[in-house]
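> Provided herewith is a single structure, encoded as structure tokens, for subsequent inquiry.
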Amino acid sequence: QEAEAAGEVEEGCQAPDEVDESVSLGPPAGAGELDDAKQDAMIDAKSAASEALADGNYEKAVAKFSEAIALSASALTLAKRANAFIKLGRPCMAIRDCDAALSINPDSAKAYKVRGVANRMLGRWEQASKDLGQGMNIDFDDATAEVQKLVDAKWHAIREKKLKAEADEREAKKQAALKEQQERLK
């Protein structure tokens, strides 16, 4: 996280991607219920998106999930599009979708897990650990457990290093104050 702030990218991580605010997070508030034609269009778009995702066509998956979301946003559809953004190497877009999904459903395990993976891609180890842990508490799965294990080990090492540096700094200040006090007594 410090490296990101300094403009450096940690090995095994990537620089943040641009967030495209024009990508819809859902219909305007008060849009009402969908008529049968729009309901069918949403179902067709979700189906095509899932097919594209399974085929590895992530651009098409994002486009089709976006069509469905523009008609009616659900936490699961947003989390699935976020997963497609992950596959495209767009973690910031994935985080945006997961945040929107969690505002709809604060217990969306998939949104937490995908956001955790996105934060891991960006080297945001603490947030990745929190998100993956939250998602795994809601719905455990082996694949995410492997990612969480890596993230937790990395976060633990960073936290230990930070705590040691803080303790060393406190000790140095204490020694400096003690030395200053001894000088005054002379």
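The values are calculated or read from the model by the stated rules, or taken from the named source; none is laboratory data. Not measured: the values here are computed from a predicted model. Methodologically, a virtual Cβ is constructed for each residue, glycine included, from the backbone with ideal geometry; neighbour enumeration extends over all protein chains shown. Heads up: the accessible areas ignore ligands, DNA and RNA and are worked out on the full protein's heavy atoms, side chains in. Shrake-Rupley method; radii C 1.70, N 1.55, O 1.52, S 1.80 Å.
> Choose one answer from GLU166, GLU18, GLU59: the residue with the largest mean-square fluctuation in a GNM of the chain with alpha-carbon springs under 10 Å.
In this elastic network of the chain, the residue with the biggest mean-square fluctuation among GLU166, GLU18, GLU59 is GLU166.
> Can you give me the angle between helix 109-121 and the longest principal axis of the chain, using Cα atoms only, in degrees from 0 to 90, rounded to the nearest 10?
50
> Which of ALA176, LEU53, ALA94 sits closest to the plus end of the dipole of the chain, meaning its Cα is farthest towards the positive end, when Lys and Arg get +1 and Asp and Glu get -1 on the C-beta?
Positive-end residue among those listed: ALA176.
> Treating only the Cβ of Lys, Arg, Asp and Glu as charged (+1, +1, -1, -1), what charge dipole size does the chain show about its Cα centre? Round to the nearest 20 debye.
920
> Within straight cross-link reach of LYS110, meaning Cα distance under 23 Å, which lysines are found once same-chain residues fewer than 8 apart are removed?
Once the sequence-local lysines are set aside, what remains near LYS110 is LYS46, LYS60, LYS64, LYS80, LYS87, LYS130, LYS149, LYS154.
> OK, next. Given the options SER103, SER50, SER72, state which has the largest fluctuation in a GNM of the chain using a 10 Å cut-off (strictly under) for Cα springs.
Highest fluctuation of the listed residues: SER103.
> Under the rule of -39500 (n - 2.57) per DSSP H run of 4 or more residues, summed and divided by the residues of the chain, what mean residue ellipticity at 222 nm is obtained, to the nearest 500 deg cm²/dmol?
It comes out at -24500 deg cm²/dmol, rounded to the nearest 500.
> Springs between alpha-carbon pairs under 10 angstrom, Gaussian network model over the chain: which of GLY32, GLY133, GLY56 fluctuates most?
GLY32
> Listed highest first by mean packing, meaning other Cβ atoms within 10 Å per residue, what order do 107-116, 37-46 come in? Don't skip to the end; give the middle numbers.
Details: 107-116: 25.0, 37-46: 15.0.
The packing order, highest mean first, is 107-116, 37-46.
> In the set (i) 41; (ii) 30; (iii) 23, which value of percent of Cα pairs over 27 Å apart was calculated from the structure you see?
Only one listed value fits the structure, namely (i).
> Residue by residue, what Karplus-based ³J(HN,Hα) values in Hz, rounded to whole numbers, does the range 70-76 have, using 6.51, -1.76 and 1.60 with θ = phi - 60° and x for Gly and Pro?
Calculated HN-Hα couplings, in order: 4, 7, 6, 8, 10, 4, 5 Hz.
> Could you give the Stokes-Einstein D for the range 33-133 in µm² per second, using the C-alpha Kirkwood radius, 25 °C, 0.890 mPa s? Before the final figure, lay out each step's value.
Details: Rh = 13.4 Å.
Translational diffusion coefficient: 183 µm²/s.
> Let me check against my output: what whole-number percent is the relative contact order of the chain, with C-alpha pairs under 8 Å and at least 6 apart?
On the way: 230 pairs, mean separation 32.0, N = 186.
17 percent.
> Sticking with this one: Based on alpha-carbon centroids, what's the gap between the range 105-177 and the range 13-72 in Å, whole number please?
30
> Here's another thing I want to ask about it. Can you tell me the accessible area per residue over the chain, all protein chains present, probe 1.4 angstrom, in square angstrom? Working shown, then result.
Working: 11160 Å² over 186 residues.
Value for the chain: 60 Å² per residue.
> Continuing with the same structure: For SER50 and ALA167, compute 0.36 nm times the residue count separating them, minus their Cα-Cα distance, and round to one decimal in nm. Mind showing how you got there, number by number?
Working: separation 117, 0.36 × 117 = 42.12 nm, distance 5.07 nm.
Between SER50 and ALA167, full extension yields an extra 37.0 nm.
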